[in-house]
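I have placed the structure first, in the form of structure tokens, so that the comments after it can refer back to it.
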Amino acid sequence: MVSDFRAGKPEAYQDIFYLLYQPLCLFLAKMGLDNFVAEEIVHDSFLKLWNRNGDFSELHSIRSFLYVSCKNAALNLLDKEKRHRVKAEGYQYSLDWFDVPVTQQMIYTETIQEVHLAIEKLPEQCRNVIRLLFVEGYTPQEVADELGISSSTVYNQKMRGIQLLRNVLNKDQLFVFMLVFADVVCCSVK
């Protein structure tokens, strides 16, 4: 079959198509693609295969080429969709932000700046923990690994940092801090 495929015989191409088409579609469906998109990618991959028919000497290499080709096309598509989604969310956020009066934008921006300045004034280990948790979005375990400390130290420094920020920030600044970092703060006040 492979020698006939290398020779460009359509029957051999058809045999390979029937052998691998369904498994490839299932492979892509498991990656989260809907059936129509999966079929399009598989068809495109078979077209690439046909254009390179002289490059393959065994069925295993044909199978590998098709799986890798399908996987790469799916990953590229998923990455493109993710970029579009992030761009659309950012655009919607910017539209929402434009609807906010300038004075409120100024107050919010300056308050966030004050919160960051307050974080910078914390003791070093506490500051590093708070910055990684709240600003960078690390999990407590990731912070522990990054700083080479135990997870209990992370929790202690987190609680200490929140308490120190409560003492330094005024009510409005504390409210913005709680609003912006609500999920992280709420999880820490157990």
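The values are calculated or read from the model by the stated rules, or taken from the named source; none is laboratory data. Because the structure is predicted, anything quoted here is derived from the model rather than measured. Cβ sites come from the backbone with ideal geometry, for glycine too, and all protein chains shown count toward neighbours. Note: areas computed on protein heavy atoms with side chains; ligands, DNA, RNA excluded. Shrake-Rupley method; radii C 1.70, N 1.55, O 1.52, S 1.80 Å.
Here are some notes:
- Within region 88-111, not a single residue is part of a helix (DSSP H, G or I), crowded, with 16+ Cβ neighbours inside 10 Å and modelled with pLDDT of 85 or more.
- Only one entry in Leu24, Leu66, Leu47 is out of contact with any His (no Cβ under 6 Å at 6 or more places or on another chain), open to solvent by 30 Å² or more (accessible area, probe 1.4 Å) and in a helix (DSSP H, G or I), namely Leu47.
Condition check ((1) modelled with pLDDT of 85 or more; (2) of a type in the set (A, V, I, L, M); (3) at positive phi) across all residues:
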| site | (1), (2), (3) |
| --- | --- |
| Lys9 | no, no, no |
| Phe17 | yes, no, no |
| Leu20 | yes, yes, no |
| Ile41 | yes, yes, no |
| Leu47 | yes, yes, no |
| Trp50 | yes, no, no |
| Gly54 | no, no, no |
| His60 | yes, no, no |
| Arg83 | no, no, no |
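- Counting only helices (runs of 4 or more DSSP H) that sit completely within region 112-190, those holding 2 or more residues that are modelled with pLDDT under 85 and crowded, with 17+ Cβ neighbours inside 10 Å correspond to 171-180, 182-188.
- Residue list for region 54-63, filter: over 21 Å from Lys30 (Cα atoms) and open to solvent by 30 Å² or more (accessible area, probe 1.4 Å): Gly54, Asp55, Ser57, Glu58, Leu59, His60, Ser61
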